[in-house]
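Presented below is the structure to which this report refers.
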Amino acid sequence: MTRPLVACAALALACTSALVAGGSWRSDRPVPAPRTEVAAAAVNGEALVVGGFLGDGTTTGRADAYSPRTNRWRRLPDLPAAVDHAAAGAWLGRMLVAGGYGPDRSPTSAAWLLERGRWRALPPMPEPRAAAAGAVEGGTFYVVGGVTSTPLGRGLARRALAFDLRSRRWRTIAGPTPREHLAAAAAGGHVYALAGRDAGYDTNRRELEVYDPAGGRWRSLPKIPSARGGTGAAAIAGRIVSVGGEAPSGTIRSVYAYEIAGRRWRRLADLPSPRHGLGVVALGGRVRVLAGGPQPGLTVSGANESLVVP
């Protein structure tokens, strides 16, 4: 009888560490060009979606902006280079896009800044990156995790990249546990790297790690209750919210919020349209989830859903 009692106690503990919260998702006007493996950021009260795979498998540089106030989309200038699996961030009303896979399926080192309605090329990254994640903290754009390429071939990146947005210079820094298809967010002077995978979606991970720019080190935090790769994340109201992903069982519906001060995970309302390769941003007091693939592999969606995080 001992083992069943232990199992029940363990289950109760797991449920306590990931409390389910209320709230409901809202659907808004869909993304004009359905796609997946997009880059996304919140800029000047709008959600920007850039690049990705189209339904026919081609890579695009298309860029669109959504206004929650008007529930309308507007077309932006295309990114000069077609790219999917790119990292993105926002800084002082500008969007940053770095790396990704080009049409030749090679990781790129290109970086771009959308400023005053025009894309401007930034100095290239010291190393190519694809399927990495981006976040801006303290005037620095961080690109963490992902796949890189060397003369010996491709592999998981062991170093992170940091771009000083004022001096316009890149440097390499310590990286989190190597993985790709992860998510990143910044809050309270720190950068968070969440989940991801080693290779295929049967190698998903649960890690949550935090980087302190002052100390230059990553440290581990409580793991997310459910492993996920191809996920997105956003920081909002003292929480890091993880949405989406894919696994052998299908796309991931569960949504979790990590409470930074309390160091615990809570489960939020499930995503109505589970998908991977999606854009996740915090905008107007809501977490907004854009585009992505509704089934594992190359599938596309124009879904635009948002949730108030309690």
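We did not get these values from a lab; they are worked out from the coordinates using the rules stated. As the structure is a computational prediction, the values presented were derived from the model and not from experiment. Glycine also receives a Cβ, built like all others from the backbone with ideal geometry; neighbour counts cover every protein chain displayed.
If you take the Cα centroid of region 226-276 and the Cα centroid of region 99-147, the two points sit 24 Å apart.
Each of Met95, Met125 has some number of other Cβ atoms within 10 Å of its Cβ, and from fewest to most they run Met125, Met95.
In the chain, helical runs assigned H by DSSP with n ≥ 4 each contribute -39500 (n - 2.57); averaged across all residues and rounded to the nearest 500, the mean residue ellipticity at 222 nm is -1500 deg cm²/dmol. Site pair Arg154 and Ser167 shows an inter-label distance of 3.3 nm when each label is modelled 7 Å from Cα along Cα→Cβ. Think of each Lys and Arg Cβ as +1 and each Asp and Glu Cβ as -1; about the Cα centre, that makes the dipole of the chain roughly 520 debye. Full extension of the chain between Ser106 and Asp78 yields a length gain of 8.1 nm, computed as 0.36 nm times the residue separation minus the alpha carbon distance.
Computed from Cα positions, the angle between helix 2-17 and the longest principal axis of the chain comes to roughly 40 degrees. Placing unit charges on the Cβ atoms of the charged side chains and taking the dipole of the chain about its Cα centre, the candidate lying farthest along the positive direction among Thr36, Pro123, Ala291 is Pro123. Packing around the peptides 208-215, 98-105, taken as the average count of other Cβ atoms within 10 Å per residue, puts them in this order, highest first: 98-105, 208-215. With the cut-off at under 19 Å, measuring from each backbone N in region 239-254 to a point 7 Å along the Cα-to-Cβ line of Ser27 picks out 244-245, 251-254. A Förster distance of 30 Å, applied to the separation of the beta-carbon atoms of Arg219 and Ser67, puts the FRET efficiency at 0.20. Across the alpha-carbon atoms of region 19-308, the computed radius of gyration and Dmax are 16.8, 50 angstrom. Which net charge results when you count Lys and Arg as +1 and Asp and Glu as -1 among the other residues whose beta-carbon is under 12 Å from that of Leu48? Cβ neighbours under 12 Å give a net charge of +3.
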